[in-house]
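Below: the structure, in structure tokens.
The values are calculated or read from the model by the stated rules, or taken from the named source; none is laboratory data. These figures come from a predicted structure and were not determined experimentally. Note that we place each Cβ from the backbone using ideal geometry, even for glycine, and neighbour counts take in every protein chain shown.
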Amino acid sequence: MFFKNPLEKYASSLSKNFTRAINGPYFCKSLKEISKAGYDDIAIQPSSEVYLVGKRDETEERMLNATLSDDQIFYRENGYLIKRNFIPDELIEEYMDLRERLQLGDAGFGTPVSYVEHPEIRRIALYPKLVELFRDLHGMDMGLLVTHTRHRSTERGWHPDGYLDAQDALPRAGVWFALDDIDPRSGPFEYIAGSHRWKMVSNQMLNTFLKPEYRWPQAHFGAKKGELTWGGIVEAIIDPIVMKKIEQENLVVESFCPAKGDILIWHGRLIHRGAVPEIRGLSRPSVIGQYVPLHEKGRGMFMRNSGGGFFLVRPALYDAVKF
């Protein structure tokens, strides 16, 4: 096959931002230079871990695993954990009734902090058993940072959520909540098990490919409506690199196609993506939550939820909080 652009050979067809990014004014390096980049060109060894995620020698592995539960060991080795029939039906129905009253259809609530105004979202995202599970898996309280509530695949290319964090930050985590049985043709959540144990994708190393005005963090927080954010731009760098790594190392791409009430928790450095739907317009009822260590410096102010757990509230939204 002939590729007009050298990045297209390994570009994930799932990245809806890819074409927009490579045709934009964002890069300070040529596309030919970017196409030659490998994983080590965008990643560094992290300084903070959970349960010594980085690989150790055989004796250290045995000593560490002897102190961990089965869930902790699986999460440490694979970077994700699936819990079946975890969220009660009554919480899901309460949330779906809210969406119906607001006539959202498959659209989201319009803001990633809609949980501030709607306790129905928090009752799912901060379900008490999940709060306890986070303490088990991360050894600390994790605060709810944002939620994604659109009932469609994100169609995001390969990325780890932790690339939004500093090198010395403690790992964040994500949770995918299934609100109904999910049709695999609707665009499943896909991931590479164990990829959280690779080097950590670094926003500072990705910045070396970008012009100053499009670098992290200003291009993430300062992007105007309709413009690509920093995360969307760097998909054009990360996607081909990960596809190349999958091909060269014969890696397995796994999919999460859950039933109603199932959840998947993933480590913030796990490489994952949102698949393009096989059938456009097919609903994918779900909530995605992002969580960070509660006392991480610079995160902001967290409030205690009435049912347990914590959620981020910016001062300007304090009066909008409903319990």
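Assorted remarks:
- VAL287 of a type in the set (Val, Ile, Thr) and over 17 Å from ILE124 (Cβ atoms): no
- Hits in the stretch 234-256 - residues which are farther than 23 Å from ILE22 by Cβ and either outside any loop (DSSP other than H, G, I, E, B) or touching a residue at least 24 places away in the same chain (Cβ under 8 Å) (or both): GLU249, LEU251, VAL252, GLU254, SER255, PHE256
- Counted residues, the stretch 67-89 - those being assigned to a strand (DSSP E or B) and modelled with pLDDT under 95: 0
- For the stretch 124-140, a residue qualifies if it is in a loop (DSSP other than H, G, I, E, B) and closer than 16 Å to VAL313 by Cα, and exactly one does: LEU126.
- Residue among ASP70, ASP89, ASP57 that alone is among the acidic types (Asp, Glu) and in contact with a Gly (Cβ under 8 Å, 6 or more places away or on another chain): ASP89
- Note on the stretch 163-186: residues that are closer than 30 Å to SER48 by Cβ, small (Gly, Ala, Ser) and at pLDDT below 95 total 2.
- Of all residue pairs spaced 6 or more apart or on separate chains, those with beta-carbon atoms under 7 Å, a first member in the stretch 297-323 that is more than 15 Å from SER114 (Cβ to Cβ) and without any contact (Cβ under 8 Å) to a residue 40 or more places away in the chain and a second member that is charged (D, E, K, R) and surrounded by 11 or more Cβ atoms within 10 Å (Cβ to Cβ) are GLY300/ARG314.
- Of all residues in the stretch 222-233 being crowded, with 16+ Cβ neighbours inside 10 Å and either part of a loop (DSSP other than H, G, I, E, B) or among the aromatic types (Phe, Trp, Tyr) (or both), the one that is modelled with the lowest pLDDT: ALA223
- Matching residues, the stretch 187-201, being part of a loop (DSSP other than H, G, I, E, B) and either within 14 Å of the chain's Cα centre (by Cα) or within 17 Å of GLY157 (Cα to Cα) (or both): GLY187, PRO188, ILE192, ALA193
- In the stretch 234-270, the residue that is nearest to GLN218 (Cα to Cα) out of those that are buried (at least 24 other Cβ atoms within 10 Å of the Cβ) and modelled with pLDDT under 95 is GLU235.
- Qualifying positions in the stretch 96-123 - polar (S, T, N, Q) and in a helix (DSSP H, G or I): SER114
- TRP216 meets the conditions (1) assigned to a loop (DSSP other than H, G, I, E, B); (2) touching a Gly at 6+ places or on another chain (Cβ under 7 Å); (3) of a type in the set (A, V, I, L, M, F, W, C) in every case but one. The failed one is (2).
- Only one of the listed residues (GLY162, GLY174, GLY157) is touching a Phe, Trp or Tyr at 6+ places or on another chain (Cβ under 8 Å), surrounded by 23 or more Cβ atoms within 10 Å (Cβ to Cβ), outside any loop (DSSP other than H, G, I, E, B) and small (Gly, Ala, Ser). That residue is GLY174.
- Candidate set from the stretch 302-316 (those that are of a type in the set (A, V, I, L, M) and modelled with pLDDT of 90 or more); member that is surrounded by the fewest Cβ atoms within 10 Å (Cβ to Cβ): MET303
Okay, residues lined up against (1) outside any strand (DSSP E or B); (2) farther than 25 Å from PRO6 by Cβ; (3) among the small types (Gly, Ala, Ser); (4) within 20 Å of the chain's Cα centre (by Cα):
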residue	(1), (2), (3), (4)
PRO25	yes, no, no, no
LYS29	yes, no, no, no
GLU33	yes, no, no, no
ALA37	yes, no, yes, no
ASP40	yes, no, no, no
GLU49	yes, yes, no, yes
VAL53	yes, yes, no, yes
THR59	yes, yes, no, no
ARG62	yes, yes, no, no
